[in-house]
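See structure below.
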Amino acid sequence: MDEITLGKKQAKGAAAEALLNNELLQQSFKALHDEYIENWKITHFKNVEGRERLWQAIQIIGKVEDHLKKMVSDGKIATRDLSQIKYLKR
């Protein structure tokens, strides 16, 4: 992978980490999760489609967080790779 691509991954990883550390975003994820759970609990037992949509919404929140965590990890790997490239160029 070239240095430009690694630099972009590094920047995206840093941005993703800032988002994951952002208190407002974390509060928003938690508020949505809690709201979906509460709505799921009060759905009528015959409302299978409604419960399914709420379950999917809960899963999506987790997938967004997982995606951001992967970007952070990729950014850290890119940082390491860039350091190795710079070391080898000396």
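The values are calculated or read from the model by the stated rules, or taken from the named source; none is laboratory data. Keep in mind that what you see is a predicted model, and the values were worked out from it rather than measured. As a convention, Cβ positions derive from the backbone with ideal geometry for all residues, glycine included, and neighbour counts pool all protein chains shown. All accessible areas refer to the heavy atoms of the entire protein, side chains included, with ligands and DNA or RNA removed. Shrake-Rupley method; radii C 1.70, N 1.55, O 1.52, S 1.80 Å.
Quick look at the numbers
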item	result
Taking only Cα atoms of segment 1-74, radius of gyration then Dmax in Å	16.8, 56
Positive-end residue of LEU19, ALA31, ASN47, charge dipole of the chain with Cβ unit charges	LEU19
Charge tally in the Cβ shell below 14 Å around LEU68, where Lys, Arg are +1 and Asp, Glu are -1, LEU68 excluded	+2
Charged-residue dipole, Cβ positions (Lys, Arg, Asp, Glu), the chain about Cα centre, Debye nearest 20	420
Inter-label distance for ALA15 and ARG51, nm, one decimal - labels placed 7 Å from Cα along Cα-to-Cβ	4.0
Count, lysine Cα pairs under 15 Å in the chain, 8 or more residues apart or across chains	9
Per residue, in Å², the accessible surface of segment 15-90 once ligands and nucleic acids are set aside, probe 1.4 Å	78
Label-point separation, TYR87 to GLU38 (7 Å along Cα→Cβ), nm	5.2
At R0 = 22 Å, FRET efficiency that the Cβ-Cβ distance of SER73 and ALA31 yields, to 0.05	0.25
Carbon + sulfur, % of accessible area of segment 1-69 - ligands and nucleic acids excluded, 1.4 Å	59
Residue-wise HN-Hα coupling along segment 26-36, computed from phi with Karplus coefficients 6.51, -1.76, 1.60 (Hz; x: Gly, Pro)	5, 5, 5, 4, 5, 4, 5, 4, 5, 5, 4
